[in-house]
Amino acid sequence: DAFPEAYKEDFPARTGVIDIRHLEELADSGDVALNLYEPHAAAPGERRFKIYRRGEAISLSTVLPVLQRMGVEVMDERPYEIETPGTTMWVYDFGLRLDGQAYELTTLKPRFQKAFLAAWAGRAEADGFNALVVAAGLTWRQAMVLRAYARYLRQTGIAFSQEYLEQCLVGNVAITRLLVALFEARFDPSGDDGRAEREADLRAQVETALDGVTSLDQDRILRSF
């Protein structure tokens, strides 16, 4: 009886069991749990994203900017209020579109959920660099490295806005992945053996990939990174 009629109409009992398990994981008021999933007969690039909440309701104005800056389009949102003795819990179900691309859910799900939670909790900024989690397959920490370099470039006087730097990296995901790999080859403390050889190989791959960039502005930005 805790579930509203709209929930019962939208989901089968087996989904209710899954959602109850997520709700029971919420120990404290204000906690959230997440579940990115692929609905039955989903179109390419179509996913749904559930946020589970104990306590006060979540304002859409706080959720939507985080999702949109991760490079996804929010198609719809369905809130469900779960009334239990002593507390109120919520299930928010968002319909997402990921640019019509086909993503492997098993690899996207943990990256996406960790990135959303980091931005939601304030451990990462909610800006366009988070779109690299979806577009380039990065983790939120790898995106944070590129954000830090972008801030450095801005401080040293590069003539492009942060938004354009974000768009450049999202528009050149192959080079973006190579830049992250180059950073890790240089600085990962666990990778001493063969570090110089890996770095030289990645630099050569970056230089080769840069030859295919047609925009002079984007070539300049990527070379700066």
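Highlighted here are the helices (runs of 4 or more DSSP H) found entirely within the range 154-225 that include at least 2 residues which are free of Cβ contacts under 8 Å to residues at least 60 places away in the same chain and among the small types (Gly, Ala, Ser): 173-187, 195-210. Taken as a whole, the structure places Gly30 among residues that are out of contact with any helix residue (DSSP H, G or I) (no Cβ under 7 Å at 6 or more places or on another chain) and either part of a strand (DSSP E or B) or open to solvent by 20 Å² or more (accessible area, probe 1.4 Å) (or both). Within the range 14-30, residues that are in contact (Cβ under 8 Å) with a residue 60 or more places away in the chain reach partners that are open to solvent by 40 Å² or more (accessible area, probe 1.4 Å) with beta carbons closer than 6 Å, at six or more positions or on different chains, in the pairs Leu26/Arg54. Of note, Glu83 does not satisfy the criterion of being at pLDDT below 95, under 28 Å from Thr107 (Cβ atoms) and either among the acidic types (Asp, Glu) or surrounded by fewer than 12 Cβ atoms within 10 Å (Cβ to Cβ) (or both). Of everything in the range 40-55, what is within 19 Å of the chain's Cα centre (by Cα), outside any strand (DSSP E or B) and at negative phi? Give them in sequence order. Answer for the range 40-55, where residues must be within 19 Å of the chain's Cα centre (by Cα), outside any strand (DSSP E or B) and at negative phi: just Pro44.
Determine which member of the set Ala115, Ala131 is touching a residue at least 12 places away in the same chain (Cβ under 8 Å), under 29 Å from Val74 (Cβ atoms) and in contact with a Gly (Cβ under 9 Å, 6 or more places away or on another chain). Outline the logic, then answer.
Numbers: Ala115 fails: in contact with a Gly (Cβ under 9 Å, 6 or more places away or on another chain).
Step by step, each of Ala115, Ala131 is checked, and only Ala131 is touching a residue at least 12 places away in the same chain (Cβ under 8 Å), under 29 Å from Val74 (Cβ atoms) and in contact with a Gly (Cβ under 9 Å, 6 or more places away or on another chain).
Residues in the range 65-77: is at least one surrounded by 12 or more Cβ atoms within 10 Å (Cβ to Cβ), of a type in the set (Lys, Arg) and part of a strand (DSSP E or B)? Taking every residue of the range 65-77 in turn, none turns out to be surrounded by 12 or more Cβ atoms within 10 Å (Cβ to Cβ), of a type in the set (Lys, Arg) and part of a strand (DSSP E or B). Yes or no: the range 46-55 includes at least one residue that is surrounded by fewer than 15 Cβ atoms within 10 Å (Cβ to Cβ) and out of contact with any His (no Cβ under 9 Å at 6 or more places or on another chain). No - not one qualifying residue is present in the range 46-55.
For residues that are in contact with a Pro (Cβ under 7 Å, 6 or more places away or on another chain), at negative phi and either without any contact (Cβ under 8 Å) to a residue 12 or more places away in the chain or of a type outside the set (D, E, K, R) (or both), tally how many sit in the range 56-100.
Pass one, the range 56-100, residues in contact with a Pro (Cβ under 7 Å, 6 or more places away or on another chain): 80-81, 90, 92, 100.
Filter once more, so that each one left must be at negative phi: 80-81, 90, 92.
Right, trim to either without any contact (Cβ under 8 Å) to a residue 12 or more places away in the chain or of a type outside the set (D, E, K, R) (or both) and you get 80, 90, 92.
The qualifying residues number 3.
Can you name every residue in the range 1-13 that is farther than 16 Å from Phe94 by Cα, in contact (Cβ under 8 Å) with a residue 40 or more places away in the chain and not aromatic (Phe, Trp, Tyr)? Don't jump to the end; show me each part of the working.
To start, the set of residues in the range 1-13 that are farther than 16 Å from Phe94 by Cα comprises 1-5, 8-9, 12-13.
Remaining after also requiring in contact (Cβ under 8 Å) with a residue 40 or more places away in the chain: 2-4.
Listed by number, the residues that qualify are Ala2, Pro4.
Restricting attention to the range 87-119 and to residues that are assigned to a helix (DSSP H, G or I) and touching a Ser or Thr at 6+ places or on another chain (Cβ under 8 Å), the residue that is nearest to Gln68 (Cα to Cα) turns out to be Ala115.
For the range 149-169, the count of residues that are open to solvent by 10 Å² or more (accessible area, probe 1.4 Å) and closer than 21 Å to Ile51 by Cα is zero.
The values are calculated or read from the model by the stated rules, or taken from the named source; none is laboratory data. Since we're looking at a predicted model, the values are computed, not measured. Reconstructed Cβ throughout: ideal geometry from the backbone, glycine too, with neighbour counts over all protein chains shown. Ligands, DNA and RNA are stripped out before the accessible areas are found, and what is left, the full protein with its side chains, is counted by its heavy atoms. Shrake-Rupley method; radii C 1.70, N 1.55, O 1.52, S 1.80 Å.
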